[in-house]
Structures are given as structure tokens and as C-alpha cells.
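Asks: Below you will find the structure I want to go over with you.
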Amino acid sequence: MAITRPAPQDGDTGRDTVPAPPDEPGRLTSPLALTLLLLLLVLLQSPIRRALSAPVMQSWTTVFVAVVIQALPFLVLGVLLSAAIAVYVPPSFFARALPSRPALAVPVAGVAGAVLPGCECASVPVAGALVRRGVTPAAALAFLLSAPAINPIVLTATAVAFPRNPEMVLARFVASLLVACAMGWLWQRVGRTDWMRPPAHAHHEGRTKGASFWDSVRHDVMHAGGFLVVGAMAAATLKAVAPESWLRTAADNPVVAVLALAVLAVVLSICSEADAFVAASLTQFSLAARLAFLVVGPMIDLKLFAMQAGTFGRAFALRFAPMTFALAIASAVLTGAVLL
């Protein structure tokens, strides 16, 4: 049966138009959710005002805002620089710059992390690109660990966060570089080819550099910014809510203090450009314990473990992460005993 279309009326273009689907009954849309939230805040403004005026909440808010405001400029600058390096610096540059002998390439790649800024979110795909371009895995792993830990942005943020303890900058640099080189040499000696899956191509390959740069910036700002907020909330909670006796008990025991802050660094997964301000707020703990927090965090945390497993394979991550965690703690303790 033939189907005839009605003639277009005046002002009608004759094109088919698809009517907007009606809202499903009972569906919570974004404007409705925002309206309900604002209404709830208005109705509960008196209890909320009383809760925020409590001394513990004022202390919590002060620490939270201070940590976020101090750390945010360094985080944004670090994300911009790391995105530029990941997109505009060709991986072949690293292959040409590194020595051909793996034993020498490891420390050179580790020191390169001090020159080329990059947060941990960017260091994993950059290390994967290096391996794809033929760089020895030991050198790529040394760069992976050193770049987010000892780059100029991170060291500057550490100096700002610890103005009365400038030795923390040197201690963080030395301890982190020792871990990066030790892990590179260790992987060169005991690592096996079947433990590391060949990394896949980066998500921005095949796209324009401008689009890849801004995609990387948007992703890293939202991703790292979320972890910064979580870390600031945790630091503020420890300062304002946790009983002082608990913190004093953990801080007074050197072994417990180091292990507690090392585990906290793994769980919080704070971006390395911002973690110094969280560590500086944990004044109950010794400088050595806070150094462990600063050395462990940029090298192994929950998000890094997931990224390493996705890039190099689960077999790699299950072996690499525990060794890195143990070496980071040992290096922080030894460096802290000498420099702090």
C-alpha cells in the first residue's frame, strides 16, 4: 500500500521532524534534582548553620580550604605541563637521548624525571609509549617513578608547603630518585619478558595534537582534582575529628607512624603536585613519616596500580607495586635518618 505524505503547510519546510520524547513519569531530571536540593538547603538552613558554627566544623573547614587553595595552582600547572609533554614531545626523543646500555639508561631516565614535569596520571602512558618505541623497560620504569616525584613543580610545591623545613625538598628528591633507579636496576636483573604485556597505543594517537592536549588536560584536572578534594577532606578530618590521643599514639611510634602514612598515601591517591600540602597539615607526625607519605604516594597508589595493570598487564602490576612500596618506605626511612 502506498503511503502519501501530506503537503507542507505555510512555513513548513517539508522536512521530517522528530518530536522530543516526553519525560518519563517519575524520572528525576537534573533541573528537578537541583531544585529539590536548593529547597532542602533552605528548609534545613538553621540546622546547617548551627552545625557549621561548631568549633570542630570550623576547624575542619579551615584545614580543607587551606589545603585546596594552596595545592590547586600547582595541580593545574602540573597537569598543563604533563599534557604538553605527553602530546607534543615525541617518544622517539627519549629513545635517542637515553644511552644504549640499560645499566646507564636507568639513572639517566631517572634524572630526566627531574627535568620533564609530569604527574603520575601522565607518567604511565608516557612510559608505555617509551616501551613501544624500543626503550628498555628498566629505563622506562625508572622514568615512570621519578617523573611525578622529583619534577620542578612537585619540588617547588614541597618547598612552599614546608617553608620552615627546606631539607624536606632535598630529602624527597634523594629518596624518590633512589627508589626510581633501584626499581629500574632490579627490574633489569630479575624482570621477565612474560611479566610485562606490550602496552597498547595511547588513546590520543591518530588525533590532532590540539584536541589530544585539551582532552588530556580536562581528564587530568577532573581526575586529579577529585583526588585532591578527597585528600583534603581526609587531612581535615584527621586534624579536626580524629581523637588527639589516637594520632599521638600512632605518631609517637616511629614504625607505626611511617607505615600509617605510607598506607594513607596509597589509599588517598593524591596527585603529586598537591600531596605536599596534605603532608604538611599532618603536624602530629614526624618529618620522616611525612617523607614516607611523599615518597610512596607518587609511585604507588590505588589509581596508579589500576593504570599500571591496564597498561602493562596485571602480572606486571602485582609484582611491581609491592616491590615499589617496600623500596619507597626503606628509602624514605634511610634518607630521613640522614637528612632530617
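The values are calculated or read from the model by the stated rules, or taken from the named source; none is laboratory data. Predicted model, so just to flag it, every value in this text is computed and none were measured. Glycine also receives a Cβ, built like all others from the backbone with ideal geometry; neighbour counts cover every protein chain displayed. These accessible areas exclude ligands, DNA and RNA; they are computed on the full protein's heavy atoms, side chains included. Shrake-Rupley method; radii C 1.70, N 1.55, O 1.52, S 1.80 Å.
Asks: List every residue pair whose Cβ atoms lie under 9 Å apart, where the two residues are 6 or more positions apart in sequence or sit on different chains, the first residue falls within the range 247-258 and is at negative phi, and the second residue, located anywhere, is open to solvent by less than 90 Å² (accessible area, probe 1.4 Å) and of a type in the set (Val, Ile, Thr).
Replies: Pairs found: 249/256; 250/256; 254/333; 258/329; 258/333.
Asks: Any residue that is farther than 20 Å from residue 143 by Cα, β-branched (Val, Ile, Thr) and open to solvent by less than 10 Å² (accessible area, probe 1.4 Å) - is there at least one of those in the range 288-311?
Replies: no
Asks: Taking the stated definitions as given, is residue 280 part of a helix (DSSP H, G or I), at pLDDT 90 or above and open to solvent by 20 Å² or more (accessible area, probe 1.4 Å)? Full working, then the answer.
Replies: On the way: part of a helix (DSSP H, G or I): yes; at pLDDT 90 or above: yes; open to solvent by 20 Å² or more (accessible area, probe 1.4 Å): yes.
It is true that residue 280 is part of a helix (DSSP H, G or I), at pLDDT 90 or above and open to solvent by 20 Å² or more (accessible area, probe 1.4 Å).
Asks: All but one of (1) among the β-branched types (Val, Ile, Thr); (2) within 19 Å of the chain's Cα centre (by Cα); (3) farther than 15 Å from residue 145 by Cβ hold for residue 258, so report the exception by its number.
Replies: (2)
Asks: Looking only at the range 217-233, decide whether some residue is over 14 Å from the mean Cα position of the chain (by Cα), part of a helix (DSSP H, G or I) and crowded, with 19+ Cβ neighbours inside 10 Å.
Replies: no
Asks: Then there's this: Please determine, by comparing only the residues of the range 125-180 that are in contact (Cβ under 8 Å) with a residue 12 or more places away in the chain and not in a helix (DSSP H, G or I), which one is surrounded by the most Cβ atoms within 10 Å (Cβ to Cβ).
Replies: Of the residues in the range 125-180, the ones in contact (Cβ under 8 Å) with a residue 12 or more places away in the chain are 125-158, 160-162, 165, 167-180.
The next check asks that each one be not in a helix (DSSP H, G or I); those that pass are 133-136, 151, 162, 165.
Details: 133: 15, 134: 9, 135: 23, 136: 23, 151: 28, 162: 21, 165: 16.
Per the criteria, the residue is 151.
Asks: Now, a different point. Out of all the residues in the range 283-315, which are in a helix (DSSP H, G or I) and modelled with pLDDT of 90 or more?
Replies: 287, 288, 289, 290, 291, 292, 293, 294, 295, 296
Asks: Residue by residue through the range 313-340, note down the ones that are open to solvent by less than 20 Å² (accessible area, probe 1.4 Å) and out of contact with any Phe, Trp or Tyr (no Cβ under 8 Å at 6 or more places or on another chain). Before the answer, list the steps.
Replies: Taking the range 313-340 and keeping what is open to solvent by less than 20 Å² (accessible area, probe 1.4 Å), we get 313, 316-317, 320-321, 324, 328, 331-332, 335-336.
Residues satisfying the conditions are 324, 328, 331, 332, 335, 336.
Asks: On to the next question. Out of curiosity, is residue 264 open to solvent by 10 Å² or more (accessible area, probe 1.4 Å), over 15 Å from residue 179 (Cβ atoms) and part of a helix (DSSP H, G or I)? Spell out how you get there, then give the answer.
Replies: On the way: open to solvent by 10 Å² or more (accessible area, probe 1.4 Å): yes; over 15 Å from residue 179 (Cβ atoms): yes; part of a helix (DSSP H, G or I): yes.
For residue 264, the condition - open to solvent by 10 Å² or more (accessible area, probe 1.4 Å), over 15 Å from residue 179 (Cβ atoms) and part of a helix (DSSP H, G or I) - is met.
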